[in-house]
1. If A:S40 satisfies every condition in (1) of a type outside the set (F, W, Y); (2) modelled with pLDDT under 95; (3) in a helix (DSSP H, G or I) but one, which is the exception?
2. In region B:157-168, what count of residues is obtained for those that are within 11 Å of chain A (Cβ to nearest Cβ), in a helix (DSSP H, G or I) and over 14 Å from the mean Cα position of the chain (by Cα)?
3. Which of the numbered conditions does B:H86 fail, given that it passes all the others? Conditions: (1) within 14 Å of chain A (Cβ to nearest Cβ); (2) without any contact (Cβ under 8 Å) to a residue 12 or more places away in the chain.
4. Can you report the number of residues in region B:223-276 which are more than 28 Å from B:Y82 (Cβ to Cβ) and within 24 Å of the chain's Cα centre (by Cα)?
5. For region B:308-332, name all the residues that are within 30 Å of A:G36 (Cβ to Cβ) and not in a strand (DSSP E or B).
6. So B:D221 clears everything in (1) in contact with a Leu (Cβ under 8 Å, 6 or more places away or on another chain); (2) farther than 30 Å from B:Q134 by Cα except one condition, right? Which one?
7. Among the numbered conditions (1) surrounded by 19 or more Cβ atoms within 10 Å (Cβ to Cβ); (2) in contact with a Cys (Cβ under 7 Å, 6 or more places away or on another chain); (3) not basic (K, R), tell me where B:G340 comes up short.
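The values are calculated or read from the model by the stated rules, or taken from the named source; none is laboratory data. Being a predicted model, the structure only gives us computed values, none of them experimental. Backbone-built Cβ (ideal geometry, glycine too); neighbour counts: all protein chains shown.
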Amino acid sequence: MIFITTILIIMALYLLAGLVFAIPFVIKGVAVIDEGARGSSWGFRLIIIPGVTVFWPVLLNKWLHASKIKRS
Amino acid sequence: MSASYVAVGWNRQKKIYDWLIAGFCFTYLLLFISVTLIVNEQVTFETLLIRSTSTLAVLLLHVILAIGPLCRLDKKFLPLLYNRRHLGVTMFTFALAHGGFSIFQFHALGNTNPFVSLFISNTNFNSFAAFPFQALGFFALLIFFLMAITSHDFWLHNLSPRVWKTLHMFVYLAYLLVVMHVMLGVIQYENNPVFVIIILAGAVTLITLHLLAGSKERKLDKRKFSLEQEGFMYVCPAEEIEDSRAKIFCIDKERIAVYRHENKLYAIHNVCKHQGGPLGEGKILDGCITCPWHGYQYLPHNGQSPPPFKEKVSTYDVKIIDGKVWLNPVPFPEGTERPGATIK
């Protein structure tokens with residue numbers, strides 16, 4: 001029971017971090033990493049939130065990489 | 001894609017498709033609930049919800065998995081493939097409703113967290129007949145969830161087509177989990193074997209369709225091209241290729257589509273950049289080679305998507321000598337313009 005509870009808590013924390021990340025990402029980050037998202041609708045930005053919440057480490061890495069290229 | 005994303009890329013065909021899905025689901029639920037109420041007057045509302053949504057999700061899953069091989073066997077089924085993602089998301093919605101109602105009904109009314117209860121209420125992992133089938137359903141639902149949330153083209157682009165395709169191939173693992181979930185659930189809770197028979201019939205149908213489609217493609221890939229002239233291979237007589245259509249040839253393990261357009265032949269790589277659709281099974285619409293799966297387009301002479309899109313596929317040299325089509329299987333870089341071969 002402790003093992004399953006621990007796994008569930010870790011998953012919940014991971015998803016919570018993803019949800020927090022999703023807010024600035026759909027507002028700004030998405031257009032930085034993908035030119036197809038520039039000028040995209042709010043419907044699109046809302047529809048990707050569940051995916052952003054799960055795959056946020058991949059997107060964070062892409063965002064940091066894209067920002068680094070832009071700066072240099 | 002480089003044009004701006006939209007939430008749902010609806011067009012007339014997709015709207016019709018979605019209305020048909022909605023109509024089918026509504027009719028199915030209505031029929032299932034009516035028949036169950038007639039056959040079993042004591043059935044509870046919760047049981048009706050759990051069973052109607054689960055059987056509908058399983059039925060939709062079978063349709064989804066049958067669409068791919070059916071399209072490879074007969075092009076008439078291609079319209080079903082066009083909007084398969086919406087069918088997938090619909091299936092997930094009903095599977096989620098089933099999972100949600102079940103977790104609430106069987107695990108949420110005690111003191112233990114319902115998700116913890118799901119895994120500790122049955123720990124007979126060493127028994128086949130008493131195996132915790134609910135956990136199998138949970139993991140299948142988890143896979144469907146990951147597929148549903150990544151169904152937008154944004155994910156195809158940003159996770160990379162290879163990762164996206166690999167993730168979505170997990171549908172077969174999810175299907176296996178669903179089959180075990182249903183069979184064990186029926187064994188543990190039912191006396192009537194009808195659900196086991198139906199799901200086994202569905203599995204046999206799907207396996208047969210996949211084997212038939214695989215065998216058809218193997219025949220195409222195994223064709224040998226022996227005549228060679230200065231790097232060009234003889235593939236077929238020119239008149240065999242219909243106007244605005246293509247023939248596919250597999251040379252050195254690469255599939256190449258040779259298209260006929262405005263009395264000329266052009267050759268491009270057969271694999272669409274979107275989801276790997278077979279470009280040679282499409283047709284030319286508005287001067288563009290159009291993928292039969294989702295309508296992505298490429299210009300025949302350079303393999304480039306028309307602006308503002310930026311997808312590109314490899315092109316090949318093709319020539320016609322005495323009415324015979326000769327193809328050079330060495331690809332040019334993606335998007336390279338080639339002159340094509342004029343049909344006299």
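1. (3)
2. Summing the residues that are within 11 Å of chain A (Cβ to nearest Cβ), in a helix (DSSP H, G or I) and over 14 Å from the mean Cα position of the chain (by Cα) in region B:157-168 gives 4.
3. Every condition holds for B:H86 apart from (2).
4. Counting residues in region B:223-276 that are more than 28 Å from B:Y82 (Cβ to Cβ) and within 24 Å of the chain's Cα centre (by Cα) gives 1.
5. Once the filter is applied, which keeps residues that are within 30 Å of A:G36 (Cβ to Cβ) and not in a strand (DSSP E or B), region B:308-332 yields B:P308, B:F309, B:K310, B:E311, B:V313, B:S314.
6. In the conditions (1) in contact with a Leu (Cβ under 8 Å, 6 or more places away or on another chain); (2) farther than 30 Å from B:Q134 by Cα, B:D221 misses (1) alone.
7. (2)
Condition check ((1) within 21 Å of B:G277 (Cβ to Cβ); (2) among the small types (G, A, S); (3) over 23 Å from the mean Cα position of the chain (by Cα)) across all residues:
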residue: B:Y17; (1), (2), (3): yes, no, no
residue: B:F24; (1), (2), (3): no, no, no
residue: B:L48; (1), (2), (3): no, no, yes
residue: B:S54; (1), (2), (3): no, yes, no
